[in-house]
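The values are calculated or read from the model by the stated rules, or taken from the named source; none is laboratory data. Being a predicted model, the structure only gives us computed values, none of them experimental. Note that each Cβ is placed from the backbone with ideal geometry, even for glycine, and that neighbours are counted across all protein chains shown.
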Amino acid sequence: MFSVNQYVKARTLKEAYELNQARNSRVMGGMMWMRLGNARVQTIIDISGLGLDQIEETDHVIKIGAMCTLRTLEQRERLRKMYGGAIQEAVRHIVGVQFRNQATVGGSI
Ligand SMILES: Cc1cc2nc3c(=O)[nH]c(=O)nc-3n(C[C@H](O)[C@H](O)[C@H](O)COP(=O)(O)OP(=O)(O)OC[C@H]3O[C@@H](n4cnc5c(N)ncnc54)[C@H](O)[C@@H]3O)c2cc1C
């Protein structure tokens with residue numbers, strides 16, 4: 001069973017970072033994996049309000065946010081062109097589209 005004592009929706013990255021310094025805190029991504037485990041979590045930190053679900057592209061840099069879903073990664077055209085479809089191939093076997101719409105890059109790392 002998975003149980004949580006306190007839920008906090010972080011307002012800033014700094015707040016999330018500080019909350020996560022406690023050993024029994026967990027960052028909450030898509031909650032696909034954590035909820036299947038046996039854990040007692042003191043504080044669960046929701047970072048969905050921090051704008052980390054984006055992929056930012058410039059000429060030379062692609063920044064992938066921790067809350068970006070596996071599905072977003074899979075569908076990004078520039079990544080497909082740059083890596084010859086390798087990123088799509090790496091995630092397309094992971095369960096199904098509904099799952100990949102929720103599981104996050106940060107949680108997977
Ligand atoms: C039925 C099932 C089948 C699966 N099959 C595969 C498979 O075939 N191949 C594969 O590679 N994976 C597979 N997985 C794993 C799946 O890819 C991961 O569960 C998922 O990607 C984790 O992301 P999440 O957002 O759900 O993380 P969560 O479950 O929310 O979190 C997992 C961990 O990551 C931390 N975390 C979460 N979000 C962040 C963040 N944004 N930044 C930092 N830390 C964070 C949490 O604190 C926690 O410790 C499977 C999982 C399930 C449940």
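Remarks
- Looking only at residues in the stretch 13-22 that are assigned to a loop (DSSP other than H, G, I, E, B) and surrounded by 11 or more Cβ atoms within 10 Å (Cβ to Cβ), the one that is nearest to the chain's Cα centre (by Cα) is N20.
- Residue pairs meeting the criteria (Cβ under 7 Å; at least 6 apart or on separate chains; first under 24 Å from V27 (Cα atoms) and charged (D, E, K, R), in the stretch 86-104; second assigned to a loop (DSSP other than H, G, I, E, B) and within 10 Å of the ligand (Cβ to nearest atom)): R100/I94
- Checking each residue in the stretch 1-12 for being surrounded by fewer than 14 Cβ atoms within 10 Å (Cβ to Cβ), at pLDDT 95 or above and part of a loop (DSSP other than H, G, I, E, B) picks out R11, T12.
- Filter result for V61 (of a type in the set (A, V, I, L, M), out of contact with any Cys (no Cβ under 7 Å at 6 or more places or on another chain) and within 16 Å of the ligand (Cβ to nearest atom)): no
- Of the helices (runs of 4 or more DSSP H) lying entirely inside the stretch 23-109, those containing at least 1 residues that are of a type in the set (D, E) span 70-75, 77-82, 86-91.
- Criterion (under 27 Å from G96 (Cβ atoms) and either modelled with pLDDT of 95 or more or in contact with a Gly (Cβ under 9 Å, 6 or more places away or on another chain) (or both)) met by exactly one of Q54, Q42: Q54
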